[in-house]
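Visitor: Okay, handing you the structure first.
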Amino acid sequence: SDPQPTQRHRDKEATRSRTKPSTTPSTHTNRKPISRATTRREEMAVRRAALAYGATSCGAAAIHNIFILYYVQLFLEVYKLSDSWFYFGEVLFMLWNSFNDPYFGYLIEKQGAKGGLNKLPLIKWGGLSWSLVFVLVFVPLFPNDPSALGLHFVLALFLYDAALSLVMLAHSSLLADLVVDSNERATLNKFGSMGGVVGSCSVLLSHFFWDRTDVRSFQVFCFIIGLFAFF
């Protein structure tokens, strides 16, 4: 028999098999498109996180700028703290400040790496302590006793800086835990900067209440700012 028809038949079958569409499902066609609702929920979550991040920066700026501007004037010019107590407290404050920042940062990162530390409660309750100490700085219990006033000055500096370091270190390291996208981090940084600007307005308002001869209205103002910073 002539083998050519058989060979032609095989060639046609091979061509037909090559041109036949594959029935294997494509992995690209099985991917489900991301819904707009999911994307919107993610955007709202980032926006809420940014607002909370900015609110913390706002409260921190509101109380810290007042502290930096007025605590020296209050103790030296109003309560007449002696120079020896002032320099003694400042030297101890310098040593404490150089120690607690790296130590608290080490503890926060160590516990966070073990998964045993939630930074949000640390910021919340640390912020409450910070606000209370801020009010304590400007309301000495025994302003007419030189020794009690000096001890109050030293203790207030220690507690204030401890609360400041605890909250701000946790707040700064929280950024990497909240978002991983660079655009989302830029959004949080933007809200943080805006919150800092708004909080700094407390310094402008403080000039309406500051009076060396009578600091009671200024103390009430500091109490209100402390409540504002916490909430």
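Visitor: Within the range 68-83, can you find the residues that are among the aromatic types (F, W, Y), surrounded by fewer than 19 Cβ atoms within 10 Å (Cβ to Cβ) and assigned to a helix (DSSP H, G or I)?
Guide: Across the range 68-83, the qualifying residue is only Y71.
Visitor: Quick check: anything in the range 111-120 touching a residue at least 40 places away in the same chain (Cβ under 8 Å) and in contact with a Leu (Cβ under 8 Å, 6 or more places away or on another chain)?
Guide: Step one: filter the range 111-120 for residues touching a residue at least 40 places away in the same chain (Cβ under 8 Å), giving 112, 119-120.
Add one more test, that the residue is in contact with a Leu (Cβ under 8 Å, 6 or more places away or on another chain), and what stays is 119-120.
Among the residues of the range 111-120, at least one is touching a residue at least 40 places away in the same chain (Cβ under 8 Å) and in contact with a Leu (Cβ under 8 Å, 6 or more places away or on another chain), which makes the answer yes.
Visitor: If I ask for residues that are of a type in the set (F, W, Y), farther than 30 Å from A45 by Cβ and assigned to a helix (DSSP H, G or I), which ones from the range 194-231 would you list?
Guide: The answer is F218, F221, F223.
Visitor: Now for a different question. Quick one: which of F209, F223, F218, F228 is open to solvent by 60 Å² or more (accessible area, probe 1.4 Å), hydrophobic (A, V, I, L, M, F, W, C) and over 17 Å from G127 (Cβ atoms)?
Guide: Numbers: F223 fails: over 17 Å from G127 (Cβ atoms); F218 fails: open to solvent by 60 Å² or more (accessible area, probe 1.4 Å); F228 fails: over 17 Å from G127 (Cβ atoms).
Residue meeting the stated conditions: F209.
Visitor: Here's another thing I want to ask about it. Which number in (1) exposed (fewer than 13 other Cβ atoms within 10 Å of the Cβ); (2) modelled with pLDDT under 90 marks the one condition that K119 misses?
Guide: (1)
Visitor: Pairs only if they're at least six apart or on different chains, beta carbon under 6 angstrom, first in the range 185-205 and on the phi < 0 side of the Ramachandran plot, second open to solvent by less than 60 Å² (accessible area, probe 1.4 Å) and outside any helix (DSSP H, G or I); list them, first residue then second.
Guide: R185/V179
Visitor: While we're on this one: Exactly one of (1) open to solvent by 60 Å² or more (accessible area, probe 1.4 Å); (2) modelled with pLDDT of 85 or more; (3) outside any helix (DSSP H, G or I) is unmet by V180. Its number?
Guide: (2)
Visitor: Under the condition of being within 16 Å of L227 (Cβ to Cβ) and open to solvent by 30 Å² or more (accessible area, probe 1.4 Å), which residue from the range 136-152 is nearest to the chain's Cα centre (by Cα)?
Guide: Going through the qualifying residues, I end up with L136.
Visitor: Among (1) in contact with a Phe, Trp or Tyr (Cβ under 8 Å, 6 or more places away or on another chain); (2) at pLDDT 90 or above; (3) part of a helix (DSSP H, G or I); (4) open to solvent by less than 80 Å² (accessible area, probe 1.4 Å), where does F191 come up short?
Guide: (2)
Visitor: Right, another one. Restricting the first residue to the range 44-57 and requiring it to be within 16 Å of A176 (Cα to Cα), which pairs with a second residue that is open to solvent by 20 Å² or more (accessible area, probe 1.4 Å) and polar (S, T, N, Q) meet a Cβ separation below 7 Å and a spacing of at least six or different chains?
Guide: Listed pairs, sorted by first residue: V46/T187; A50/T187.
The values are calculated or read from the model by the stated rules, or taken from the named source; none is laboratory data. This is a predicted model, so every value here is computed, not measured. As a convention, Cβ positions derive from the backbone with ideal geometry for all residues, glycine included, and neighbour counts pool all protein chains shown. Side chains included, ligands, DNA and RNA excluded: accessible areas come from the protein's heavy atoms. Shrake-Rupley method; radii C 1.70, N 1.55, O 1.52, S 1.80 Å.
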